[in-house]
1. Tell me yes or no: at least one residue of segment 61-81 is more than 21 Å from T310 (Cα to Cα), among the basic types (K, R) and in contact with a helix residue (DSSP H, G or I) (Cβ under 7 Å, 6 or more places away or on another chain).
2. For the subset of segment 279-295 comprising residues that are in contact (Cβ under 8 Å) with a residue 60 or more places away in the chain and of a type outside the set (A, V, I, L, M, F, W, C), which member is farthest from P215 (Cα to Cα)?
3. Select from segment 195-226 the residues that are without any contact (Cβ under 8 Å) to a residue 12 or more places away in the chain and assigned to a helix (DSSP H, G or I) and list them in ascending order.
4. For segment 236-262, which positions are outside any strand (DSSP E or B) and over 17 Å from V198 (Cα atoms)?
5. Report whether or not G4 is modelled with pLDDT under 95 and either touching a strand residue (DSSP E or B) at 6+ places or on another chain (Cβ under 8 Å) or not β-branched (V, I, T) (or both).
6. For segment 79-105, name all the residues that are assigned to a helix (DSSP H, G or I) and in contact with a strand residue (DSSP E or B) (Cβ under 9 Å, 6 or more places away or on another chain).
7. If you scan segment 20-43, which residues turn out to be among the hydrophobic types (A, V, I, L, M, F, W, C) and more than 17 Å from V75 (Cβ to Cβ)?
Amino acid sequence: MPPGPPRVVTLGLGPIGRAVTREIVGASDLKLVAAVDPAPNLVGRDLGDLLRDERAAGMRVLPHLDALGRRKADVAVHMAASRFGPALAHLKDLVQRRLSVVSTCEELIAAPYRWRRETAALDRAAREAGVSILATGINPGFLMDLLPAALTNVCVDVTSVRVTRHVDTSKRRAALQAKTGAGISLAEFRRRSREGTVGHVGLRDSLIFLMNHLPIEGEVGEETLRPIVAARRIRRGRTNIEKGHVAGVHQVVRAHDASGRSVAVFDLRMAYGLKNAHDEIVVRGDPPIRSRFEGGISGDRATVGAVLSTIRFASDAPPGFGT
């Protein structure tokens, strides 16, 4: 990478993409080259107006990477897909352009274990191009995978791990409330569940990653997804959730050893107005470890922080696929 601040292009200008782009604009050690999003309502928009930051005034949202023209970039921040399939096409294109990639794709954390052939090919292409592909985020990317894996590094022996994340979505962005079904009927929840369009993406991927970094053997089972139903009518500002309608989701995934004993449990509850929000990691082992964050780590801001840290690391990262 040439001397000077890394030259960055961001792909995807949803709520997180805008927040990341805004921070890059204000960072003295990073240089924003362009922001890309093909959405018709965004293409051509003045970035300063979109971000509400005059430091980006005069830059226009580009429809695709070809529109970069002669502008050079070192790192692409990929925030345009949650599933591995759609992300793979994007990553191949970025590597072909010899751009290092920082991606928030949730399923990327476990891609080397779920899509071995595709990830191996992507890794080879990145090595040949001399660029890195780094998966990052808060969940997946830190709280329910990297952090518990790091905590167990000080254990002589590990018997089991339990990670709990309870999130009050009333304090989070509207997109997360919609993704977790806040306000929809039970019938609509069942339909969206069948379609795979409700709930958090990446919980099982986080556990797959963790099990491949623990000193215990275990098979990761299928994830369960259930609605959290409002016990009473909830009215806050413009939000109105009727009693008996969905307030959020409860997702659980477990890993069992050969004898059927549960060796790892991930318990995720994300609901509007959820009480006792917290994040907790409990390791049964020698020594036992319990780490708890009252109120929980703010996923939105923490994701932005994780992305910025990873961008800064990308210039020194070895070529190939990593986390």
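The values are calculated or read from the model by the stated rules, or taken from the named source; none is laboratory data. Owing to the predicted nature of the structure, the values given are computational and were not obtained by experimental measurement. Backbone-built Cβ (ideal geometry, glycine too); neighbour counts: all protein chains shown.
1. no
2. As a first pass, look at segment 279-295 and keep what is in contact (Cβ under 8 Å) with a residue 60 or more places away in the chain: 279-287, 289, 291.
Now narrow it down to the ones that are of a type outside the set (A, V, I, L, M, F, W, C): 279-280, 284-287, 291.
Values: D279: 23, E280: 20, R284: 12, G285: 11, D286: 12, P287: 14, S291: 19 Å.
Among those that are in contact (Cβ under 8 Å) with a residue 60 or more places away in the chain and of a type outside the set (A, V, I, L, M, F, W, C), it is D279.
3. Start the filter on segment 195-226 by keeping residues that are without any contact (Cβ under 8 Å) to a residue 12 or more places away in the chain, which leaves 195-197.
Matches in segment 195-226: E195 only.
4. Within segment 236-262, the subset outside any strand (DSSP E or B) is 237-238, 242-245, 257-261.
Within segment 236-262, G237, R238, E242, K243, G244, D257, A258, S259, G260, R261 meet the criteria.
5. Numbers: modelled with pLDDT under 95: yes; either touching a strand residue (DSSP E or B) at 6+ places or on another chain (Cβ under 8 Å) or not β-branched (V, I, T) (or both): yes.
Judged against the criteria, G4 is a match.
6. From segment 79-105, those assigned to a helix (DSSP H, G or I) are 84-96; that's our starting set.
Once the filter is applied, which keeps residues that are assigned to a helix (DSSP H, G or I) and in contact with a strand residue (DSSP E or B) (Cβ under 9 Å, 6 or more places away or on another chain), segment 79-105 yields A87, H90, L91, L94, V95.
7. In the first step, residues of segment 20-43 are kept if they are among the hydrophobic types (A, V, I, L, M, F, W, C); the result is 20, 24-25, 27, 30, 32-36, 39, 42-43.
Those that are among the hydrophobic types (A, V, I, L, M, F, W, C) and more than 17 Å from V75 (Cβ to Cβ): A39, L42, V43.
Conditions (1) within 22 Å of the chain's Cα centre (by Cα); (2) surrounded by fewer than 16 Cβ atoms within 10 Å (Cβ to Cβ); (3) of a type in the set (A, V, I, L, M), marked per residue:
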| residue | (1), (2), (3) |
| --- | --- |
| G248 | yes, no, no |
| A258 | no, yes, yes |
| A271 | yes, no, yes |
| V283 | no, no, yes |
| E294 | yes, yes, no |
| I297 | yes, no, yes |
